[in-house]
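Trainee: First, the structure itself, so that you have it in front of you.
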Amino acid sequence: IKKYPEVKIVSDLQHNKNLEAFALSNLTAPKRFYVSKPEEELRSFLDELNVEYDVNRHILIGKEVDILIPSARLGIEFDGLKWHSEFFAGKGRLYHLDKTIRCNEKGYGLIHIFEDEYYNSKEIVLSKIRHALGLDYNLPKISGRKTSISVVDRKVVKPFMNTNHIQGFIGGTVHIGAYYGDSLCSVMTLKRINNDEWELVRFASDIHYRYQGVASKIFSFFVKNYNIS
């Protein structure tokens, strides 16, 4: 700028548009020049569900949300691992938490989808969005009273968790599952911390179904059979 003072970085028209968008602050911001492929896929997914949404909406001062769904009071952020990192993008370690809290203060929920989660577990990610929007009602329903509960071997649990839990499998002291007929439909993994304490480290259900009372039935089995007070 010092060397070439007459050179403009943006046109007067674009500069004025930016000022107008900033002044309005709660309306659509100028269109970004780049949209990642995963974000395009998320928009297409919402289009297939007939969900109305806005893109790049400013509901926070100085911050925008990638996809905003007013009817559900919900925002969706796609967080690339490089450009949402502390090292490359200078994002503070509380950046995503702060943005979530500020959305909550505006009455919106905010779903963060990180790049590795999307590429490694896309079906799980999309099922969670569908559930958050209340659009999984067409899935077949499994009632807890129609399931049988038993301890499940680690070798069976591992592929089930990797298919149905966003964080995948983790070891534990005991894995307790619910069976619908011969099919494993839900698993709860619990880890003993000491003689008096246990931690529930995983719970997942087959993402192709809806459930009612299955988690509580598994947990009741655990309390009854492991002398939990």
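Trainee: Under 12 Å between alpha carbons, and skipping anything fewer than 8 positions from Lys141 in its own chain: which aspartates and glutamates qualify?
Mentor: Qualifying aspartates and glutamates at Cα under 12 Å: Asp206.
Trainee: Round to a whole number: what % of the accessible area of the range 70-186 belongs to carbon and sulfur, probe 1.4 Å?
Mentor: Working: 3450 of 6760 Å².
Accessible surface attributable to carbon and sulfur in the range 70-186 totals 51 percent.
Trainee: Hey, another quick one. DSSP loop GluC sites (Glu not before Pro) in the range 122-229 with at most 15 other Cβ atoms within 10 Å of their Cβ, which ones? Spell out each step's value before the answer.
Mentor: Numbers: sites: Glu123, Glu197, Glu199; in loops: Glu197.
Loop-located and lightly packed - Glu197.
Trainee: Using a cut-off of 12 Å between alpha-carbon atoms, which aspartates and glutamates can reach Lys63, once sequence neighbours fewer than 8 places away in the same chain are excluded?
Mentor: Those aspartates and glutamates meeting the cut-off are Glu77, Asp98.
Trainee: Using each residue's phi in the range 165-171, evaluate 6.51 cos²θ - 1.76 cosθ + 1.60 at θ = phi - 60° and report the 3J(HN,Hα) Karplus result to the nearest Hz, with x for Gly and Pro.
Mentor: 10, 4, 9, x, 6, 9, x
Trainee: Are any of the pairs Lys99/Lys217; Lys106/Lys191; Lys91/Lys191; Lys106/Lys128 more than 31 Å apart by Cα-Cα distance, and if so, which? Spell out each step's value before the answer.
Mentor: On the way: Lys99/Lys217 36 Å; Lys106/Lys191 38 Å; Lys91/Lys191 34 Å; Lys106/Lys128 22 Å.
As for pairs spanning more than 31 Å Cα to Cα, those are Lys99/Lys217; Lys106/Lys191; Lys91/Lys191.
Trainee: Once the piece of chain linking Tyr179 and Tyr209 is laid out straight, how much longer is it, given 0.36 nm per residue of separation minus the C-alpha distance between them? Walk me through the numbers on the way to the answer.
Mentor: On the way: separation 30, 0.36 × 30 = 10.80 nm, distance 1.28 nm.
That pair, Tyr179 and Tyr209, stretches by 9.5 nm at full extension.
Trainee: Karplus couplings for the range 125-131 from phi (6.51 cos²θ - 1.76 cosθ + 1.60, θ = phi - 60°), rounded to Hz, Gly and Pro as x?
Mentor: Values per residue, Gly and Pro as x: 4, 5, 5, 5, 5, 4, 5 Hz.
Trainee: Taking only protein heavy atoms into account and a 1.4 Å probe, give the accessible area per residue of the range 95-223 in Å². Don't skip to the answer; put the middle values down first.
Mentor: Details: 7190 Å² over 129 residues.
Roughly 56 Å² per residue, with all protein chains present.
Trainee: Same structure, new question: Under 12 Å from a point 7 Å along the Cα-to-Cβ line of Asn227: which residues of the range 186-210 have their amide N that close?
Mentor: 195-196
The values are calculated or read from the model by the stated rules, or taken from the named source; none is laboratory data. All values derive from a computational prediction rather than experimental measurement. Note that we place each Cβ from the backbone using ideal geometry, even for glycine, and neighbour counts take in every protein chain shown. Just the protein is used for accessible areas: all its heavy atoms, side chains included, with ligands, DNA and RNA removed. Shrake-Rupley method; radii C 1.70, N 1.55, O 1.52, S 1.80 Å.
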